[in-house]
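Please read the structure below before turning to the comments.
Nothing in this text is a laboratory measurement; each read-out follows from the coordinates by a stated rule. Predicted model, so just to flag it, every value in this text is computed and none were measured. Here the Cβ positions follow ideal geometry from the backbone for every residue, glycine too, while neighbour counts run over all protein chains shown.
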Amino acid sequence: MPATLEVRCTADTCEMDMFELHYTYEMPDEVGVSDFVCPYCKANEPLEAIEL
């Protein structure tokens, strides 16, 4: 099963609650939340991983 990373955007002005990143191929170990942007507000600073 591919890895899944659940992410939330904590920007006060963003309407995005959470989203998932599904890795369909081998991602390098150094790739993390800071390498992505919110699909709604396009910011990357307020993103944080959701730990289950």
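Residues of the stretch 1-20 with amide nitrogen under 12 Å from the 7 Å Cα-to-Cβ point of Leu52? The answer is 2-7, 20, whose backbone nitrogens lie closer than 12 Å to the label point.
Ordering His22, Cys41, Leu5 by the projection of their Cα atoms onto the charge dipole of the chain, which places +1 on the Cβ of Lys and Arg and -1 on the Cβ of Asp and Glu, puts Cys41 at the extreme positive end. Cβ crowding within 10 Å ranks Met18, Met27 as Met18, Met27, fewest other Cβ atoms first.
Suppose we flag GluC sites (Glu not before Pro) only when DSSP calls them loop and at most 13 other Cβ atoms lie within 10 Å. Which is the longest uninterrupted stretch of the chain? Longest run free of exposed loop sites: 31-50. Across the chain, the relative contact order, built from alpha-carbon pairs under 8 Å that are at least six residues apart, equals 43 percent.
Taking Cα centre as origin and charging only the Cβ of basic (Lys, Arg, +1) and acidic (Asp, Glu, -1) residues, the dipole magnitude of the chain rounds to 160 debye.
Of the chymotrypsin sites (Phe, Trp or Tyr not before Pro) in the chain, the ones in a loop by DSSP (not H, G, I, E or B) with at most 16 other beta carbons within 10 Å are Tyr23, Tyr25, Phe36, Tyr40.
Note on Asp12 and Asp35: the extension gain reaches 6.2 nm, defined as 0.36 nm multiplied by sequence separation minus the Cα-Cα distance.
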